[in-house]
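Below you'll find the structure, written out as structure tokens, and then a few comments.
The values are calculated or read from the model by the stated rules, or taken from the named source; none is laboratory data. What you are looking at is a predicted structure, and each value in this text was computed from that prediction instead of being measured. Counting neighbours? That spans all protein chains shown, and the Cβs are built from the backbone with ideal geometry, glycine included. We work out accessible area using only protein heavy atoms, side chains counted, and drop any ligands, DNA or RNA first. Shrake-Rupley method; radii C 1.70, N 1.55, O 1.52, S 1.80 Å.
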Amino acid sequence: MTADAARQLIEQATGTAPGKIIAVHLNYPSRCAERGRTPAEASYFLKPTSSLAGSGEVERPQGFELLAYEGEVALVIGRTARRVAPEQAWQHVAFVTASNDLGLQDLRAADKGSNVRSKGADGCTALGPELIDATRVRPDGLRVRTWLDGELVQDDTTDTLLFGFDHLIADLTRTITLEPGDVILTGTPAGASVALPGQRIEVEVSSVDDEQLTSGRLATTVVEAPAVGEWGSRPAATAAATADAWGSREVRSGTVAEDEEPGFVLTDELRERLGQVAVATISSQLRKRGYDTAFDGVHLIDPGKKFVGTARTLRYVPRRPDITKRIGAGYNAQKRAIDSVNPGEVLVMEARGFTHAGTIGDILATRAKVRGCVGVITDGAVRDHEAVKATGLPVLAQAAHPAVLGRVHVPYDIDVTISCGGTTVEVGDVIVADDDGALLIPPFLVEEVLAASEQQELEEVYVLERVQAGESVDGLYPLGPRTRPGYEQWLAEHPEHEAHPGHPKHHQN
């Protein structure tokens, strides 16, 4: 079925062609488990109607790697809906059918959440092949299944949705008028991934009460197409895009998807506040929560270079002649990691604690700094030690060594979970370093640990004043029941501390 046929299917059923396509980001708990986060509210994006297609082919242009598929239940609106309450919402749905929410995820980063090109390409909203009368099914009684080359890869039911169809319609129509022919894509369950040229994707929606009430199988075959024009954003299979497209939480390594409702974001404000708190203070707060994430054995080669950033990773494996010959030379993983690091990121290297060869030198350090990298951590050695210092890039390492890395290492892969200095590092972890060393904060703990660290340091201002006045630390450090009233009185008497982020008023909701 062509794009025109898909539009005609809706037009013949509702009397009008679709005016808009609205898609939901995360909605199935199984998908949230893959992503590692669950949204508090539904979030949406728009797809152009020119992306509509039916069973047939979808193009993956040369130079692209990440054509992602997502089997979904599609709702077709039959009656105008504006400010509709949830209990009346289903009355405005005329039909349900299968949809394949396809996307060229290589363009995701360029659109930064809008999905205009990544999800809006021609043929990227496959729909059909048959419409199911909405009056004959229950909103929470539908099943969506997807097959890749005949293998079942997605299977879930709508009774598990975070945000039911009634909620979605009511939520949207608070501010947006839904019109006959409009389509809502309601989210995809676990198992969505990437399809390669020559592969065939099939999606089916059916009633759990009556298997004969079915959309039939919507079939899409991926075909190779000519490269897109060289103007505009270039396709880039970034670490985040690759992990999210393939759908593996393990590969994804905790990064936040740029095309979805954001979870944790290291904002400029958080960076500034983290930069004002000592690593030692953060370490004590992490330990209270069961996390010991300091990097052992590494130190700044140029003291005074404190930095804050999010982790990217590079893994070296022990040298082996055949592996070295196959992937160790040329534009290897080390050079790709340096060339892909982004502003505000920290490159963390797993070198297994070997200090018998350098893992970064001055040329690559310069390239990383030009790219906007805020720091490098390696549990190996630095080569060109003084020249690396001269670049101004903060680097933490165990030692200096003149030999090239090929003496003991092969650069193996990037943006995978690694171990560095005895600490497990995932892409997207928050790294803070100062002259005491470096540690990481899991993203979900950043705001909690930061607020507690600021509070601790404010209390320590008071404690230090008392100690300088000659008071014993017994019961004073840390503050105990006997000394805390004095601290509270001190706060009240020193309004200048209200500007401190650790002041209680900064953490009131």
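Details
- Computed FRET value (nearest 0.05) for residue 234 with residue 5, which takes r as the C-beta separation and R₀ as 35 Å: 0.60
- Fraction in percent of alpha-carbon pairs per bin - 10 Å, region 367-509: 9, 27, 24, 19, 15, 5, 0
- Backbone amide hydrogens, once placed in the peptide plane, bring residue 26 within less than 5 Å of 43, 261, excluding anything fewer than 5 places away on its chain.
- On a per residue basis, region 75-220 carries 37 Å² of accessible surface, using protein heavy atoms and a 1.4 Å probe.
- Cα centroid separation, region 461-482 to region 17-79: 58 Å.
- Projecting the Cα positions of 411, 337, 401 onto the charge dipole of region 337-434 (unit charges on Cβ atoms of Lys, Arg, Asp and Glu, taken about the Cα centre) puts 401 furthest along the positive direction.
- Stretching residue 419 away from residue 38 to a fully extended chain increases their span by 134.5 nm, per 0.36 nm per residue minus the current alpha-carbon distance.
- For residue 409, residues with placed amide H under 5 Å, excluding near neighbours: 319
- Each of 81, 479, 30 was placed along the dipole of the chain (beta-carbon charges, centred on the mean Cα), and the one lying farthest toward the positive end is 30.
- Amide H contacts under 5 Å for residue 130: 98, restricted to partners 5 or more places along the chain or on a different chain, H placed in the peptide plane at 1.01 Å from N.
- Among the listed pairs 305/325; 335/389; 47/335; 305/369, those whose Cα-Cα separation exceeds 25 Å are 305/325; 47/335.
- Relative to the longest principal axis of the Cα atoms of the chain, the long axis of helix 279-288 makes an angle of roughly 60 degrees.
- Accessible area of region 1-82 belonging to carbon and sulfur atoms, whole % at 1.4 Å probe: 46
- Solvent exposure of residue 367, expressed as accessible area, is near 90 Å², computed with a probe of 1.4 Å over the protein chains only.
- Each residue of region 321-326 was assigned a 3J(HN,Hα) from its phi angle through the Karplus curve 6.51 cos²θ - 1.76 cosθ + 1.60 (θ = phi - 60°); the sequence is x, 5, 5, 4, 5, 6 Hz, with glycine and proline shown as x.
- Computed from phi, the 3J(HN,Hα) profile of region 186-199 under the Karplus parametrisation 6.51, -1.76, 1.60 (θ = phi - 60°) reads 9, x, 10, x, 4, x, 4, 7, 10, 10, 9, x, x, 7 Hz, with x in place of Gly and Pro.
- Neighbourhood net charge (9 Å Cβ-Cβ; Lys/Arg +1, Asp/Glu -1) for residue 148: -2
- Region 312-382, accessible surface, carbon-and-sulfur percent (1.4 angstrom probe): 56
- Using θ = phi - 60° and Karplus 6.51 cos²θ - 1.76 cosθ + 1.60, couplings along region 175-185 (whole Hz; Gly, Pro as x): 10, 10, 7, 8, 10, x, x, 5, 10, 10, 8
- Sparsely packed GluC sites (Glu not before Pro) within region 124-233, loop by DSSP, other Cβ within 10 Å at most 12: 211, 230
- Hypothetical label at residue 135: residues of region 92-110 whose amide nitrogen lies under 20 Å (7 Å Cα-Cβ projection): 92-97
- Between residue 289 and residue 461, the simple label model (points 7 Å from Cα in the Cβ direction) yields a spacing of 2.3 nm.
- Computed from the C-beta positions of residue 176 and residue 320 and an R0 of 60 Å, the FRET efficiency is 0.55 to the nearest 0.05.
- With protein chains left intact and a 1.4 Å probe, residues in region 1-59 average 42 Å² of accessible area per residue.
- Value of relative contact order over region 77-159, rounded to a whole percent, pairs C-alpha under 8 Å and six or more apart: 24
- For the peptides 347-356, 140-149, the ranking by packing is 347-356, 140-149, with the highest mean count of neighbouring Cβ atoms within 10 Å listed first.
- Inverse of mean 1/r across different Cα pairs in the chain, Kirkwood, Å: 25.6
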